[in-house]
Amino acid sequence: MSVERPAITAQLRDTGVAAILRADRPDQLEDVAHELAAAGIRCLELTITTPGALEMLARLRRGLDADVALGMGSVLDAVQAQAALDAGADFLVSPGVCEEVARAAGARAVPHYPGAFTPTEVLAAWRLGAPAVKLFPAATGGPRHLRDIRGPLPEIPLVPTGGVALEQIADYIAAGAVAVGLGGPLIGDALGGGSTAALGERARAALDAVTEGRARR
């Protein structure tokens, strides 16, 4: 059975990085989001587990340039999916294969990136119409695991997420990842009041690593 497959988020495809922002309070997100965008990371994923994340997504949409893609992560069901889409999410992300989230996103022609770890899960996510699949948790298998999955499934774009260190980005991209999802290794202590200048430096280093990895393919 054929499914409608939205295009992969252009900002994710072009830059090769999705920044994942998970915080205790929504007000911690704004300065970090603006710094990341200024440094060139144009695909930002808030998480619905952050209190007030839906309201912050709408606020960031008003404050950031239109070419910054804003998504909602940790979405588990259709109710959360609809709430995120109504708030203006450009894409949805789930930690696992969630059929009702995939269908809600598909009905609005919005990309949905389910989490998967095994070939069976990756294939199930792809068959639900995901334009790319989040390989999660990536650190468990590393770049070798990604390369092994891509062997029999080369047509499925993979986005390793979860424990991807900055120094591993080039290896994941060289192994065939279309992009990487970065949380703690990129954000560091910025959400807790740490240096936004240092955050910008990490962001630029991540983008440079994607360029290096693509050159090694």
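Annotations for the structure displayed:
- Filter result for Pro185 (assigned to a helix (DSSP H, G or I) and either touching a Leu at 6+ places or on another chain (Cβ under 6 Å) or under 21 Å from Gln28 (Cβ atoms) (or both)): yes
- Test: Gly141 is under 19 Å from Glu45 (Cβ atoms), in contact (Cβ under 8 Å) with a residue 24 or more places away in the chain and buried (at least 16 other Cβ atoms within 10 Å of the Cβ): no
- Checklist (1) touching a Pro at 6+ places or on another chain (Cβ under 7 Å); (2) over 18 Å from Ser74 (Cα atoms) applied to Glu155, failing item: (1)
- Taken together, the residues in the range 191-217 that are assigned to a loop (DSSP other than H, G, I, E, B) and farther than 11 Å from Ile173 by Cα amount to 3.
- Annotation: Phe91 fulfils all but one of (1) within 22 Å of Val180 (Cβ to Cβ); (2) of a type in the set (A, V, I, L, M, F, W, C); (3) without any contact (Cβ under 8 Å) to a residue 40 or more places away in the chain; the unmet one is (3).
- Of all the listed residues (Glu100, Glu121, Glu167), the sole one being among the charged types (D, E, K, R), surrounded by 18 or more Cβ atoms within 10 Å (Cβ to Cβ) and in a helix (DSSP H, G or I) is Glu121.
- Pick from the range 33-42, criterion touching a residue at least 40 places away in the same chain (Cβ under 8 Å) and either of a type in the set (D, E, K, R) or surrounded by 23 or more Cβ atoms within 10 Å (Cβ to Cβ) (or both), ranking: farthest from Tyr113 (Cα to Cα): Glu35
- Unique residue being closer than 22 Å to Val32 by Cβ and either buried (at least 17 other Cβ atoms within 10 Å of the Cβ) or touching a residue at least 12 places away in the same chain (Cβ under 8 Å) (or both) when the list is Gly176, Gly162: Gly162
- So Val75, is it surrounded by 24 or more Cβ atoms within 10 Å (Cβ to Cβ) and either within 14 Å of the chain's Cα centre (by Cα) or free of Cβ contacts under 8 Å to residues at least 60 places away in the same chain (or both): yes
- All told, Pro95 falls short of being surrounded by fewer than 22 Cβ atoms within 10 Å (Cβ to Cβ), in a loop (DSSP other than H, G, I, E, B) and in contact with a helix residue (DSSP H, G or I) (Cβ under 8 Å, 6 or more places away or on another chain).
- Residues being touching a Gly at 6+ places or on another chain (Cβ under 9 Å) and over 13 Å from Gly142 (Cβ atoms) - total across the range 174-186: 6
- Test: residue in the range 164-174 that is hydrophobic (A, V, I, L, M, F, W, C) and within 20 Å of Arg5 (Cβ to Cβ): no
- Where Thr50 falls short, out of the listed (1) crowded, with 19+ Cβ neighbours inside 10 Å; (2) within 21 Å of Leu207 (Cα to Cα); (3) of a type outside the set (A, V, I, L, M); (4) free of Cβ contacts under 8 Å to residues at least 60 places away in the same chain: (2)
Only the coordinates and a few stated rules stand behind these numbers; no lab work does. Just so it is clear, the model here is predicted, and its values are computed rather than measured. Virtual Cβ from ideal backbone geometry, glycine too; neighbours counted across all protein chains shown.
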